[in-house]
Amino acid sequence: MSAPTAYIIAVKLITGLVFLRAFLRTGRRSALLLGAGWVLSGNLPLGRTTIGEMNMNPLLMGVSTSATIFGIMELIREERGRGPPKALLFSLPLVPLLYGAMETALRTDFGGTYVASGLLLIAGGGTLIEFLREYYTGRAVLLGMALITAGVSSMVYPFLYIHGNLNDSAVVYGSFALALFMVFAYHQLVSTEKFLRIEAVQMPDKRDPVLDNQVTIVSPREFEKLRKKLENIPVLAFVRNVKPGTGWIVYRISSVEQKEAISPTAIYQITQRASEYLQELTRKGMKGAIVIEGLEVLKVYNGFESMIKTLALLRDLARLFHTPLIVVTERGAWTESEWRILLRVLG
């Protein structure tokens, strides 16, 4: 194995490990899938990977691209609460996989798989820009352009390399630059400060006793009194009906697609956003609070058990970061057994 080949493989594997680290830190499946795409393509510079007389490289290239496309679709779902249409979700990522499998079975050269994969990466980059530009403007465009660049590179690589227009050093430096571009663009998007775009303010010195508790259940009427004491504080609020305070970071729990909204079916986003918010608070040395309301709707869409698991995760986060968690709900909205469980989980 030549030195340039070893460098290319190292770049691909290290990039995959960077994405794996992002997955372990954030729990984002998009990072896992994008990392898998880089790792699965790691052996391609070695030349033919065979099983018997079958060249497995077309299949590996197809699987790598499919993982990347799935990662793009998952990233869109993570950020918006809804992914692309199901027809697109289940067809687009399978094209390079099926194409690679066909070329492997027919024992043909896999230049066609490179071209098909490149076209799909270009389409995936364009799809990401279209779906996320409203939310992340330039950062979404940056990641989309990274994917489009990868797609164009995949399409032209076999033709340039086969005809001697690319030497090994150019491939090494190109792979390294593309890997850096992709990691940087992804990091810029997922690590965007979504919350604390305001001056660092602290919780009031004279706080309501209820805020000294890490977890509190209050009725909507009690919450109205408490809300006024949290004006102009960077409170993270997941609400459906109650009026949020001034200066809060608000996510509406709504099935209507809109900016800064969380679909009731995307319940995992509540803990994801809370975790990101609390980490930003810690980095800036600030204090805040989390408010959640609309549990009844979450129960309808996800079931009581899933809703309780989400509350338990929020409780654990609140305790870990020493941040008040205020749960707004009416006692009459729950059965006797459900209310006991709520008290036990949040107690």
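The values are calculated or read from the model by the stated rules, or taken from the named source; none is laboratory data. Keep in mind it's a predicted model, so treat the numbers as computed, not measured. Every residue, glycine as well, gets a Cβ built from its backbone with ideal geometry; the counts of neighbours run over all protein chains shown.
Is there any pair linking a residue in the stretch 60-85 that is part of a loop (DSSP other than H, G, I, E, B) to one that is of a type in the set (S, T, N, Q) and at pLDDT 75 or above, with Cβ under 8 Å and at least six apart or on different chains, and which?
Gly81/Ser263; Gly81/Thr265; Gly81/Gln269; Arg82/Ser263; Pro84/Thr127
Can you tell me which residue within the stretch 266-310, out of those that are β-branched (Val, Ile, Thr) and without any contact (Cβ under 8 Å) to a residue 40 or more places away in the chain, is surrounded by the fewest Cβ atoms within 10 Å (Cβ to Cβ)? Give the steps one after another, and end with the answer.
The initial filter retains those residues of the stretch 266-310 that are β-branched (Val, Ile, Thr), namely 267, 270-271, 282, 290-292, 297, 300, 308, 310.
From what's left, without any contact (Cβ under 8 Å) to a residue 40 or more places away in the chain: 282, 300, 308.
Details: Thr282: 13, Val300: 11, Ile308: 20.
The selected residue is Val300.
Is it the case that the stretch 205-215 has a residue that's at pLDDT 80 or above and outside any helix (DSSP H, G or I)? Give the derivation first.
The first filter runs over the stretch 205-215 and keeps only residues at pLDDT 80 or above, leaving 215.
If we keep only those that are outside any helix (DSSP H, G or I) as well, we get 215.
Looking for residues that are at pLDDT 80 or above and outside any helix (DSSP H, G or I), one finds at least one in the stretch 205-215, hence yes.
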